[in-house]
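Below: one structure, written as structure tokens.
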Amino acid sequence: MFIVGELINGMYRNVREAIKDKNKKIIQEIALAQTKAGASALDVNCGPASATPGDTMKWLVESIQEVVDTPLCLDSTKADVIEAGLSMAKNKTIINSTGADKERLDILVPLALRYNSLLIGLAMNKKGVPQDRFQRLELAAQIVTYCQENNFNLSDLYLDPIILPVNVAQSQGTEALEAIREFKLLSEPPPKTIVGLSNVSQGTGVRSLINRTFLVMAQACGLDGAILDPLDKDLMDALITAELILNRQIYCDSFLDAYRKK
Ligand code: THG
């Protein structure tokens with residue numbers, strides 16, 4: 001499983017305050033902790049409050065790279081903010097994200113090509129979030145087709161079906177899960193899939209339980225990656241055990257420790 005640590009996000013109060021105070025030690029601690037907990041990449045999102053998100057993105061990338069070499073997943077709706085991060089990044093990055101609109105793809109696919117970056121494609125467009133599996137599949141197909149026509153390697157693409165909070169969009173859980181299965185049929189070899197896991201439990205009272213239950217179900221549908229909280233030990237144990245049961249990892253007596261040491 002491609003694990004992207006979600007915790008460097010201005011949505012979180014401690015990160016928001018660290019950005020405001022230019023306290024890079026806090027950011028570096030979160031980067032180190034997530035990497036140690038098994039994150040293969042770190043999401044970097046300035047949050048909605050930043051007045052100068054390009055500068056914030058540069059500062060975050062610089063601060064993180066002083067302590068870890070973990071690849072960065074540059075998370076912004078603004079292409080210029082993503083580019084600010086790309087211009088500073090030492091290692092291979094993930095652009096998070098493009099939608100299915102041609103105007104977005106026309107900017108973000110060339111950017112990914114120019115920086116030899118991976119790209120997350122969201123199954124949504126300017127009309128909003130998808131309402132069912134069919135809309136998700138149609139939007140994902142538009143992204144795949146665009147990539148094929150513009151020589152973007154599909155092995156560098158992750159498709160995101162858009163996970164919505166279960167407390168306000170309960171019917172969307174199974175729609176997103178089915179979409180993960182169906183995205184696999186869009187190309188050969190199949191495109192990879194990723195989700196923003198914590199969306200599913202936003203506003204609920206038992207977040208960790210909902211997150212890990214949904215994650216295991218998504219893994220059974222063939223999920224390849226997840227943006228999640230790698231410091232949630234119960235979540236990580238469930239993830240590792242699901243990989244084992246799905247025969248994606250070899251069983252050994254101490255499989256939890258063995259996976260963590262990989
Ligand atoms: N897909 C892709 N990228 C994404 C998402 C996605 N990036 C952002 C988000 N969704 C994934 N990351 C988070 C990070 C935090 C939370 C949810 C998703 C979260 N934060 C607390 C909250 O809102 O309740 C913040 C409050 C706090 O604890 O301080 O839940 O879907 N490609």
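Using Cα-Cα distances under 8 Å and only pairs 6 or more residues apart, what relative contact order does the range 1-104 have, in percent?
25 percent
In the range 120-211, with Lys and Arg counted as +1 and Asp and Glu as -1 at Cβ, which of these residues, LEU139, MET124, SER171, has the Cα nearest the positive end of the dipole, that is, farthest along it?
Positive-most Cα among the choices belongs to SER171.
Tabulate in residue order the Karplus-calculated ³J(HN,Hα) for the range 81-87, using 6.51 cos²θ - 1.76 cosθ + 1.60 with θ = phi - 60°, rounded to whole Hz; enter x for Gly and Pro.
Along the range 81-87, the couplings run 6, 4, 5, 4, x, 4, 5 Hz.
When the chain is fully extended, how far beyond the present Cα-Cα distance does PHE134 get from ASN91, taking 0.36 nm per residue of separation?
Value of the extension gain: 11.9 nm.
Shape verdict for the chain, please, from the Cα gyration tensor: rounded (a/c under 1.5), prolate (a/b greater than b/c) or oblate.
rounded
About its Cα centre, what dipole magnitude does the chain give when the only charges are +1 on Lys and Arg Cβ and -1 on Asp and Glu Cβ, stated in debye to the nearest 20?
320 debye
Out of the range 57-108, which GluC sites (Glu not before Pro) are coil in DSSP terms and have no more than 12 other C-beta atoms within 10 Å?
Details: sites: GLU62, GLU66, GLU83, GLU103; in loops: GLU66.
Here the sparse-neighbourhood loop sites are GLU66.
Please sort 201-210, 132-141 by packing, taking for each peptide the average over its residues of neighbouring beta carbons within 10 angstrom, highest first. It would help to have the intermediate numbers written out before the result.
Values: 201-210: 14.2, 132-141: 19.8.
Result, highest mean first: 132-141, 201-210.
Apply the Karplus curve 6.51 cos²θ - 1.76 cosθ + 1.60, θ = phi - 60°, to the phi angles in the range 121-128 and return the couplings in whole Hz, x for Gly and Pro.
Values per residue, Gly and Pro as x: x, 7, 7, 8, 9, 5, 6, x Hz.
Taking the simple approach of a point 7 Å from Cα along Cα-to-Cβ for both GLU103 and MET11, what is their distance in nm?
In this crude label model, GLU103 to MET11 measures out at 2.5 nm.
May I ask for the distance between the Cα centers of the range 150-228 and the range 33-68, given as a whole number of Å?
23 Å
Extension gain VAL67-SER155, at 0.36 nm per residue separation less the Cα-Cα distance, in nm?
On the way: separation 88, 0.36 × 88 = 31.68 nm, distance 2.87 nm.
Between VAL67 and SER155, full extension yields an extra 28.8 nm.
State the extension gain, in nm to one decimal, for the chain segment bounded by LEU246 and LYS22, taking 0.36 nm per residue of separation less the distance between their alpha-carbons. Could the numbers behind the result be given before it?
Values: separation 224, 0.36 × 224 = 80.64 nm, distance 4.36 nm.
Stretched out fully, the LEU246 to LYS22 stretch lengthens by 76.3 nm.
Suppose a student asked you for the relative contact order of the chain, using Cα pairs under 8 Å spaced at least 6 residues apart; what percent would you report?
On the way: 465 pairs, mean separation 42.5, N = 262.
Reported relative contact order: 16 percent.
With contacts defined as alpha carbon pairs under 8 Å and 6 or more residues apart, what's the relative contact order of the range 37-154 in percent?
Once divided by the residue count of the range 37-154, the mean separation gives 19 percent.
For the pairs LYS184/LYS233; LYS24/LYS262; LYS25/LYS262; LYS92/LYS192, note any where the Cα-Cα span goes beyond 23 Å.
Checking Cα-Cα distances, LYS184/LYS233; LYS24/LYS262; LYS25/LYS262 exceed 23 Å.
Once amide H atoms are built 1.01 Å from N in the peptide plane, which residues 5 or more positions from LEU72, or in another chain, come under 5 Å H to H?
Hits under the 5 Å cutoff: LEU42, ILE94.
Quick note: the coordinates plus some simple rules give every number you see, no bench work behind them. The structure presented is a predicted model; accordingly, all values stated were derived computationally and were not measured. Note: ideal-geometry Cβ built from the backbone for every residue, glycine included; neighbour counts use all protein chains shown.
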